[in-house]
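Working notes, structure below.
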Amino acid sequence: LAGIGAEKIHLAEAIGALVLGLLLAETSHHKRIVQMVTPMRDLFGAVFFFTFGMSIDYRVLPAYGNQPCCWWPPLCWATSSPA
């Protein structure tokens with residue numbers, strides 16, 4: 001719903017969802033909406049971290065040393081390279 005409205009006025013779907021959330025936060029149904037959406041938010045957060053973890057190639061980490069600051073470039077590269 002928010003994505004369709006945002007597309008009609010040439011905004012990204014995420015911006016449309018943000019605007020819809022801002023509008024719904026001011027309604028009298030705010031608490032009920034939060035109760036309905038919170039489990040989905042938690043589920044999608046878990047799915048995001050699960051897929052992010054699966055996309056990391058841990059075999060490249062030992063080649064970059066034991067310092068965490070050396071891990072970020074290969075982690076970013078491993079998650080952005082196509083499979």
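Each reported figure results from applying straightforward, stated rules to the coordinates on display, with no laboratory input. A quick note: this is a predicted structure, and the numbers were derived from the prediction, not measured.
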> What is the gain in length, in nm to one decimal, between L20 and S55 on full extension, counting 0.36 nm per residue of separation less the C-alpha to C-alpha distance?
Replying inline: 9.4 nm
>> Give me a comma-separated list of calculated 3J(HN,Hα) values for the stretch 8-16, in order, Karplus coefficients 6.51, -1.76, 1.60 applied at θ = phi - 60°, integers in Hz, x for any Gly or Pro.
In response: 5, 9, 6, 10, 5, 4, 5, 5, x
